[in-house]
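Below is one structure, written out as structure tokens; comments come after it.
The values are calculated or read from the model by the stated rules, or taken from the named source; none is laboratory data. These figures come from a predicted structure and were not determined experimentally. Cβ coordinates were reconstructed from backbone atoms using ideal geometry, including for glycine residues, and neighbour counts include every protein chain displayed.
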Amino acid sequence: MSELAILQAVRLKGRLDAAAAAICTGLTEDAAATGLTELLDRELVKGGPAYRITPGGREHLVALVMAERAAVDQDALRAAYNEFDAVNHALKEVITAWQMRDADTPNDHTDADYDAAVLTRLHQVDALFGPVLDRVLTSVARLSPYRPRFANALARVDAGDTTFVARPITDSYHTVWFEFHEELIGLLGLSRAEEAAAGRAL
């Protein structure tokens, strides 16, 4: 499972080191470093200390995800995904509100009351998401590191670091959400293009 978890983390992040791999997988940093070295030796990743997935690594990852998919209760996961879809739409609205005051006006974050209202909505979405996350983790235990990652992002926001709302290069709430959605898409045998066409992509 660690092989799958690490390779998936490398794919989703694009480039990551052992510390980031540990956060994404729930492994210790030493275990993540060892796993990355083993994948490097097998030419499934390249680089270092920040690693990227190779074409061979992508092919191997597809096979690993397919094997995991076959072992997952697809009916249960599909039911959870249908619930996730409604919360996903709510989060899209929150992120849009965080970035834009209206269709033509970017949010410059100088209005503290406006930002506070958006962050309240983010907490409301997180509360709705909690039970959905629980159901997904019942079906796919490998995804359990997402719980502390969401909690950390929200805690950082509450502590005043609002880059953890949606900044792409951090483990922000929006970034973690995107990666979680990617996991569900793969486990259900869907594609990002299909989900975007259906209006479900974030």
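Tabulated results
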item	result
Any hit, region 39-54, residues being closer than 24 Å to residue 174 by Cβ, modelled with pLDDT of 95 or more, among the acidic types (Asp, Glu) and not in a helix (DSSP H, G or I)	no
Selection from region 74-122 of residues that are out of contact with any Leu (no Cβ under 6 Å at 6 or more places or on another chain), hydroxyl-bearing (Ser, Thr, Tyr) and in a helix (DSSP H, G or I)	96, 114, 120
Total residues in region 55-65, condition more than 9 Å from residue 11 (Cβ to Cβ) and either of a type in the set (Gly, Ala, Ser) or assigned to a strand (DSSP E or B) (or both)	2
Complete set of residues in region 155-169 that are surrounded by 14 or more Cβ atoms within 10 Å (Cβ to Cβ), under 14 Å from the mean Cα position of the chain (by Cα) and not basic (Lys, Arg)	164, 165, 166
Checking residue 30 against (1) modelled with pLDDT of 95 or more; (2) of a type in the set (Asp, Glu); (3) in the same structural domain as residue 125 (by TED's automatic domain parsing), the condition it does not meet	(3)
Selection within region 171-196 - of a type in the set (Phe, Trp, Tyr) and either surrounded by 20 or more Cβ atoms within 10 Å (Cβ to Cβ) or within 13 Å of residue 140 (Cα to Cα) (or both)	173, 177, 180
Unmet criterion (only one of (1) without any contact (Cβ under 8 Å) to a residue 40 or more places away in the chain; (2) of a type outside the set (Ser, Thr, Tyr); (3) buried (at least 16 other Cβ atoms within 10 Å of the Cβ); (4) part of a helix (DSSP H, G or I)) for residue 27	(4)
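Residue-by-condition table, conditions (1) of a type in the set (S, T, N, Q); (2) over 18 Å from the mean Cα position of the chain (by Cα):
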position	(1), (2)
48	no, yes
56	no, yes
60	no, yes
70	no, yes
82	yes, no
94	no, no
101	no, yes
104	no, yes
107	yes, yes
